[in-house]
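Data block below; observations after.
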Amino acid sequence: MSSLFTPLCTLLQTRLPIIQAPMAGGPTTPELVAAVSNAGALGSLGAGYMTPQAIQESIRAIKRYTNQPFAVNLFIPSQASEAIPDVAPMKQFLLQMSPRHETQGDAASIPAFEDQLAVVIAERVPVFSFTFGQLKPEMVLELQSRGTTVVGTATTVEEAVALATSGVDAIVAQGYEAGGHRGTFLCHVEAALIGTMALIPQIVNQLRIPVIASGGIMDGRGIAASLMLGAAGVQLGTSFLVTEESGAHPVYKQAVLESGASDTVLTSGFSGKAARAIRNRFTDEIREFPGEIPPYPTQNTLTRPLRNWAAEQGDPDYLSLFAGQGAAMGRALPAAELVHQLVEETKASLNRACRLL
Ligand SMILES: Cc1cc2nc3c(=O)[nH]c(=O)nc-3n(C[C@H](O)[C@H](O)[C@H](O)COP(=O)(O)O)c2cc1C
């Protein structure tokens, strides 16, 4: 059994300082979460889009598959204005993109955060992580008093300091390279596009709690580099997206594995919130929309029928192929084998660096 111990392991009660990122929308199946946790890392359920009942069922499934710690992740709702934009032009535009799908519904249909969080609290999950904002300090304390470790997501130094002030136990520092949505919440997304290599040491300089590096880390070299930058651990999304237990659509996994280093783009076209995805017809065509893209989560609801239709067809052109800049380094392996390889590579990288001294 390989090990790699840092203070993050003490906090999370894991053998390894490696977190499989929560990935809302299907990739983080209970099987994936449990396989990662059983391998000594921390599996995370991306529950942001799930109903309270589905969250409860998934948590219970994970608990059946593993007795090791795991995380559940939710999206903090934005405080933005409640004004409902005119969605008719976007609906029309999406229909023109692919006339064979039917658009339906213009209401934001993400379950209420409070109801989702109530399940997390009731189920006493070992680790709760969140993105897109801050949790009220009273809520952080409530979770901690029930034995749950709380982890927030920052994309700038200011966000990291604000989260630390709210009392969280650790922070995921999400660099520009990261796949999926930007967690930015204190400034415009354009002002928060800081690469992992520059972001980690600047956040580490300001905080006393463990910092978890995230974005573009695909192998042990990236993990070793993150530790050298002062991170206490790492969170990998794209790397676990292509594992066997991941619920990502097979054509999605294939697109990740066949991608190149310059194939990802930042787009708000899928959900109304900036996210990194592999460039496809959708990301190209949505740039031609003449108006403003409706905000999250409205746009997410509007594009869902098109994405569902694309999934049914196995058509990668209109799927949201969220992935980080390191996507081309993905490996289609069982999750436990990936964890094992990551640890061996990290040790080899650290040894190599020591020999150079
Ligand atoms: C498909 C996908 C979905 C994601 N969904 C979430 C999510 O639900 N919650 C979250 O905190 N982060 C989410 N992320 C971001 C990850 O937590 C992490 O920051 C990112 O994957 C790191 O970059 P990497 O993909 O290059 O490893 C997602 C990432 C991907 C690739």
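The values are calculated or read from the model by the stated rules, or taken from the named source; none is laboratory data. These numbers come from a predicted model, not from an experiment. Because the Cβ atoms are built from the backbone with ideal geometry, glycine has one as well, and the counts that use them run over all protein chains shown.
Could you pull out the residue among 292, 312, 337, 285 that is touching a helix residue (DSSP H, G or I) at 6+ places or on another chain (Cβ under 7 Å) and surrounded by fewer than 18 Cβ atoms within 10 Å (Cβ to Cβ)?
Among 292, 312, 337, 285, only 285 is touching a helix residue (DSSP H, G or I) at 6+ places or on another chain (Cβ under 7 Å) and surrounded by fewer than 18 Cβ atoms within 10 Å (Cβ to Cβ).
Could you give every pair whose Cβ atoms fall below 6 Å, whose first residue belongs to the range 6-25 and is within 11 Å of residue 339 (Cβ to Cβ), and whose second residue is in a helix (DSSP H, G or I), counting only separations of at least 6 or pairs across chains?
20/36; 20/240
Matching residues to (1) within 14 Å of the ligand (Cβ to nearest atom); (2) buried (at least 22 other Cβ atoms within 10 Å of the Cβ):
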site	(1), (2)
243	yes, yes
258	no, no
261	yes, no
266	yes, no
274	yes, no
279	no, no
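Got a sec? Which of 125, 161, 151 is closer than 23 Å to residue 226 by Cβ, in contact with a helix residue (DSSP H, G or I) (Cβ under 8 Å, 6 or more places away or on another chain) and of a type in the set (Val, Ile, Thr)?
So the residue among 125, 161, 151 that is closer than 23 Å to residue 226 by Cβ, in contact with a helix residue (DSSP H, G or I) (Cβ under 8 Å, 6 or more places away or on another chain) and of a type in the set (Val, Ile, Thr) is 161.
Which residues, taken from the range 183-221, are touching a residue at least 60 places away in the same chain (Cβ under 8 Å), more than 9 Å from the ligand (Cβ to nearest atom) and touching a helix residue (DSSP H, G or I) at 6+ places or on another chain (Cβ under 9 Å)?
184, 185, 210, 212, 219, 220, 221
Cβ-Cβ below 8 Å, separation at least six or inter-chain, first residue in the range 156-182 and of a type in the set (Asp, Glu), second more than 14 Å from the ligand (Cβ to nearest atom) and outside any loop (DSSP other than H, G, I, E, B): which pairs?
So the pair list comes out as 169/11; 169/144; 169/149.
Looking at 145, 226, 129, 214 in this structure, which one is over 29 Å from residue 262 (Cα atoms), at pLDDT 95 or above, among the polar types (S, T, N, Q) and buried (at least 17 other Cβ atoms within 10 Å of the Cβ)?
So the residue among 145, 226, 129, 214 that is over 29 Å from residue 262 (Cα atoms), at pLDDT 95 or above, among the polar types (S, T, N, Q) and buried (at least 17 other Cβ atoms within 10 Å of the Cβ) is 129.
Out of all the residues in the range 23-64, which are away from the ligand (no atom under 12 Å from the Cβ), of a type in the set (Ser, Thr, Tyr) and buried (at least 18 other Cβ atoms within 10 Å of the Cβ)?
29, 37, 58
Within the range 58-68, which residues are within 18 Å of the chain's Cα centre (by Cα) and in contact (Cβ under 8 Å) with a residue 60 or more places away in the chain?
If the condition is that a residue be within 18 Å of the chain's Cα centre (by Cα) and in contact (Cβ under 8 Å) with a residue 60 or more places away in the chain, then 59 is the only one that fits.
Of the residues 346, 303, which single one is surrounded by 22 or more Cβ atoms within 10 Å (Cβ to Cβ), closer than 27 Å to residue 37 by Cα and hydroxyl-bearing (Ser, Thr, Tyr)?
Residue meeting the stated conditions: 346.
Of everything in the range 105-150, what is under 23 Å from residue 165 (Cβ atoms), more than 14 Å from the ligand (Cβ to nearest atom) and in contact (Cβ under 8 Å) with a residue 60 or more places away in the chain? Give them in sequence order.
149
Considering only the range 160-176, how many residues are surrounded by 21 or more Cβ atoms within 10 Å (Cβ to Cβ), within 12 Å of the ligand (Cβ to nearest atom) and either of a type in the set (D, E, K, R) or outside any strand (DSSP E or B) (or both)?
So the count comes out to 1.
Of the conditions (1) among the small types (Gly, Ala, Ser); (2) under 19 Å from the mean Cα position of the chain (by Cα); (3) at pLDDT below 95, residue 3 fails just one. Which one is it?
(2)
Within 22 Å of residue 55 (Cα to Cα) and modelled with pLDDT of 95 or more: does that describe residue 166?
The answer is no for residue 166.
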